[in-house]
């Protein structure tokens with residue numbers, strides 16, 4: 001039997017997935033690695049930690065599943081976005097630690113760039129709707145200004161999954177989906193925009209010319225094989241950015257396919273043949289795995305992490321399966337949480353929320369308010385924020401909106417899924433893919449590249465509905481009223497937070 005391996009390179013660690021050639025999963029192995037925060041707004045990881053995770057997870061995956069390395073025909077990687085690791089002329093990694101997607105140190109560089117480039121035109125060209133300073137071009141501008149010796153030695157830069165491909169094959173490559181997070185990619189023409197590279201004052205050679213996700217990068221070298229446990233000569237395909245791989249693995253490829261991901265943060269993403277762009281709400285867009293398609297998304301920054309905050313701050317007395325007990329408590333409170341509302345912006349406001357300065361807040365606390373009310377209000381607040389701030393942005397672009405696939409760790413809670421069904425006023429569908437979506441997306445790329453698949457239609461046959469949640473009419477009507485109050489409240493909060501002096505913030 002032949003297999004492919006996919007690598008899902010995430011913020012918290014790497015998941016290696018073993019797949020049969022029909023796309024059936026045969027096993028997973030996860031290896032964690034740290035993120036470093038040396039200064040405020042600095043979020044860094046060590047690329048060699050990613051490589052060590054590939055090596056360890058591959059060897060363990062093969063050993064645990066009794067599979068010979070010779071039976072692995074191809075690999076592909078899904079990688080977290082907006083990384084630009086500098087590589088020297090000799091192929092050396094020039095920085096031990098590199099900024100990852102959430103790093104925001106380049107604020108002044110972004111501000112300087114937009115003195116020369118109109119922001120709205122830039123956004124409409126690139127679709128880069130997250131805070132600008134997170135995108136690769138501004139991180140490179142920061143590198144040039146603050147570490148000029150490293151910048152001068154840099155021959156090119158590599159994204160997270162591209163670095164893994166480089167370690168495996170010795171070849172420099174990237175794909176369209178990852179390149180579209182560079183800050184200089186023209187979505188309409190599927191190429192870099194030289195005027196933006198020039199405005200940034202950067203060397204054009206730093207931006208690797210992109211190719212299709214299923215294009216062959218090269219084969220595993222003898223040196224890499226000795227380190228990671230794959231056979232020399234194993235095919236390595238280009239792979240894609242995590243947003244696009246997750247969209248592919250969750251919904252397959254097609255126009256108008258939509259899902260909600262509910263993890264530490266949360267987003268709603270839709271695959272379309274045209275990017276969804278809005279200069280006010282700023283959905284963030286990536287080129288998709290299939291050329292000619294796009295994945296457009298809207299997000300909030302704290303979702304499952306807000307519930308984790310409640311676990312640590314409000315439920316320290318609970319033991320065992322604490323989340324299960326929290327859900328049981330929350331279920332004791334009725335829809336509407338007895339008048340309590342929660343704004344989940346514990347990590348700040350996204351571009352879709354009324355202000356980036358937003359912070360978390362409760363409304364409607366009374367002497368009679370119980371812990372159950374507060375816990376239910378947190379679950380409702382996440383769903384209300386996604387519904388009022390995010391879903392409304394992309395819903396007009398989706399033809400069939402009667403159902404929503406929901407994936408991620410939050411999908412384990414039946415109570416939360418029913419709350420989403422009631423607030424979204426849609427059937428919520430939980431499928432078997434769930435948290436393995438990015439792994440499956442990368443595996444599909446490997447299967448297509450290795451010619452086991454001719455396109456991505458075999459994904460459709462792999463999905464199995466495990467649970468569905470139908471809106472409860474009485475709850476739906478109540479939440480429709482609450483949603484209006486929630487919108488009024490967070491708009492008022494935005495005004496307050498926008499006028500709060502920085503020195504007052506903790």
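The values are calculated or read from the model by the stated rules, or taken from the named source; none is laboratory data. Remember, predicted model here, so these are calculated numbers, not experimental data. Every residue, glycine as well, gets a Cβ built from its backbone with ideal geometry; the counts of neighbours run over all protein chains shown.
Side notes on the structure shown:
Per-residue answers, yes or no, for (1) at pLDDT 95 or above; (2) under 18 Å from the mean Cα position of the chain (by Cα); (3) surrounded by fewer than 15 Cβ atoms within 10 Å (Cβ to Cβ):
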residue: 148; (1), (2), (3): yes, no, yes
residue: 160; (1), (2), (3): yes, yes, no
residue: 175; (1), (2), (3): yes, yes, no
residue: 180; (1), (2), (3): yes, yes, no
residue: 193; (1), (2), (3): yes, no, no
residue: 200; (1), (2), (3): yes, no, no
residue: 205; (1), (2), (3): yes, no, yes
residue: 209; (1), (2), (3): yes, no, yes
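- Those helices (runs of 4 or more DSSP H) of the range 154-247 in which 2 or more residues are within 18 Å of residue 134 (Cβ to Cβ) occupy 160-169, 176-179, 194-200.
- Condition met for residue 375 (more than 21 Å from residue 306 (Cβ to Cβ), out of contact with any strand residue (DSSP E or B) (no Cβ under 8 Å at 6 or more places or on another chain) and assigned by TED's automatic domain parsing to the domain that holds residue 274): no
- Scanning the range 262-277 for residues that are part of a strand (DSSP E or B) and either touching a helix residue (DSSP H, G or I) at 6+ places or on another chain (Cβ under 7 Å) or modelled with pLDDT under 90 (or both) turns up 262, 266, 268, 269, 270, 271, 272.
- Across the range 294-307, the number of residues qualifying as out of contact with any helix residue (DSSP H, G or I) (no Cβ under 9 Å at 6 or more places or on another chain) and either in the same structural domain as residue 179 (by TED's automatic domain parsing) or in a loop (DSSP other than H, G, I, E, B) (or both) comes to 1.
- Residue 289 being assigned to a loop (DSSP other than H, G, I, E, B), in the same structural domain as residue 309 (by TED's automatic domain parsing) and within 24 Å of residue 102 (Cβ to Cβ): yes
- Subset of the range 428-470 [exposed (fewer than 14 other Cβ atoms within 10 Å of the Cβ) and outside any loop (DSSP other than H, G, I, E, B)]: 457, 460, 461, 465, 466, 467, 468
- In the range 318-373, the residues that are in a helix (DSSP H, G or I) and surrounded by fewer than 21 Cβ atoms within 10 Å (Cβ to Cβ): 322, 323, 324, 325, 327, 328, 329, 331, 338, 339, 371, 372
- If the condition is being crowded, with 19+ Cβ neighbours inside 10 Å and in a strand (DSSP E or B), then the range 74-106 contributes 74, 75, 76, 77, 78, 79, 85, 86, 87, 98, 99.
- Applying the criterion of being part of a helix (DSSP H, G or I), in contact with a strand residue (DSSP E or B) (Cβ under 8 Å, 6 or more places away or on another chain) and more than 17 Å from residue 256 (Cβ to Cβ) to the residues of the range 394-415, the residue that is modelled with the highest pLDDT is 414.
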